[in-house]
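Right, one structure below, let's go through it.
The values are calculated or read from the model by the stated rules, or taken from the named source; none is laboratory data. Quantities reported herein were computed from a predicted structural model and do not represent experimental measurements. All Cβ positions, glycine included, derive from the backbone under ideal geometry; neighbour counts span all protein chains shown. When the accessible area is computed, the model is the full protein with side chains, heavy atoms only, and any ligands, DNA or RNA have been set aside. Shrake-Rupley method; radii C 1.70, N 1.55, O 1.52, S 1.80 Å.
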Amino acid sequence: MTTVLRREEKYLLTLREALQCAARFEKILPADRFSQNGSYQIRSLYFDTVDDRDFHDKLTEQNCRQKIRLRIYSPSDSHVKLELKQKQNAYQKKQSLLITRTDALALIDGRYSVLLNYGDPFAGEMFTRLAGTCYRPRTIIEYSRRAFMAKENNIRLTFDSRIRALEGSYSLFSPALPCYPVMPGDQVIFEVKYNQFLLGYIMDIIRCVDRRSVSASKYCLGRSLSYPLLG
C-alpha cells in the first residue's frame, strides 16, 4: 500500500493553451514514468454508494469527501490499482493497493471479501468501506494524459484531454468501450500536484496559466447523463 498527501490545483485550458504550456515544460522537466510517445491512456472505474453519497459530497463541495476507484493503464494489465482518494480541506490524500486482475473483477461483481486475502490494513479498510456502505460500480472514465514531474517536493504537472465516460457497463478490461465525450474536444484539464509548497522555478513556468483554479471532477463529469443538472 502506498500513501500520498498533497495539494492539487486544477485549471481548464484550451487545447492550444495546453500545447503551449507543455512545450515550455518539456524543455526543463522530464516526463513521468508512464509516458510513452508523449502521453498515455488512463481508465478508471468509480464506485459509489447506492444513494451516490460521494457524488453529492463533491457537488456540494464538502471539505471532507472521498472517491473509490479501480485504475488501469491498458486493458491487458495483469494488475490494477485500487485507490481511495480523500479530500481533507486543502489537501488530497491518496492510498493505493495493487491487486490482481482477477480480484478486480471480483470487486466489480460485488465480491469484496477477496480483499481480506491481502493481509494489508488498507485492504481490510477498503473491504469495510465497500461492503459496509454498499458501494457499487457507477461509471468508467478514460482519458489521455501528458505528464511532467520534478523530483523535488514530488511535483507533477498533468494535462488530461479527450475525457470520455460510460455508464451502465463496467467492462473495465474491454479493449474498446463505447464511451461518450463529457467535455468539448478543445478543452484540457491541467493539474498541478505538489507537497506543501511549489518551488519558485515551477511557479514561474505555470504563470502561462492566466486564470483561477477550478473544481473539475472527472467522476462528476462522467455522471452528467444521469444528472442533467450538471450540463
Alpha-carbon centroids, the range 180-202 and the range 99-178: separation in whole Å | 20 Å
What shape does the range 113-179 take by its C-alpha gyration tensor, where a ≥ b ≥ c are the square roots of the eigenvalues and a/c under 1.5 counts as rounded, a/b above b/c as prolate, and the rest as oblate?
-> oblate
Net charge dipole size for the range 51-119 [Lys, Arg +1 and Asp, Glu -1 on Cβ; Debye, nearest 20] = 260 debye
State to the nearest 20 debye the size of the charge dipole of the range 114-170 about its Cα centre, where the only charges are +1 on K and R beta carbons and -1 on D and E beta carbons.
-> 240 debye
Ranking GLN92, PHE34, ALA22 by how far each Cα lies towards the positive end of the charge dipole of the range 1-128 (+1 on Lys and Arg Cβ, -1 on Asp and Glu Cβ), the top one is ALA22
Net charge near ALA165: determine it from the other residues with C-beta under 12 Å of the C-beta of ALA165, scoring Lys and Arg +1 and Asp and Glu -1.
-> +4
Of every hundred units of 1.4 Å-probe accessible area on the range 1-141, the number belonging to carbon and sulfur atoms, as a percent, is 50 percent
Among SER78, SER174, SER144, residue whose mean-square fluctuation peaks in a GNM of the chain (springs only between Cα atoms under 10 Å) = SER174
Which residue, ILE155, ILE206, ILE141, has the most motion in a Gaussian network model of the chain that connects Cα atoms within less than 10 Å?
-> ILE206
Given charges of +1 on the Cβ of Lys and Arg and -1 on the Cβ of Asp and Glu, with all other atoms neutral, how large is the dipole of the chain about its Cα centre, in debye to the nearest 20?
-> 300 debye
Here are some values of Rg and Dmax of the Cα atoms in Å: (1) 20.4, 74; (2) 17.5, 49; (3) 19.2, 70. Which one was computed from this structure?
-> (2)
Which lysines have a Cα lying under 16 Å from the Cα of LYS27, excluding residues fewer than 8 positions away in the same chain?
-> LYS151
Taking the convex hull of the alpha-carbon atoms of the range 26-131 and averaging its shadow over every direction gives an area in square nanometres of 8.7 nm²
State in Å² the accessible area per residue of the chain; use a 1.4 Å probe, count heavy atoms of protein chains only, and round to the nearest integer.
-> 49 Å²
Among ILE189, ILE28, ILE68, which one moves the most in a GNM of the chain with springs linking Cα atoms closer than 10 Å?
-> ILE28
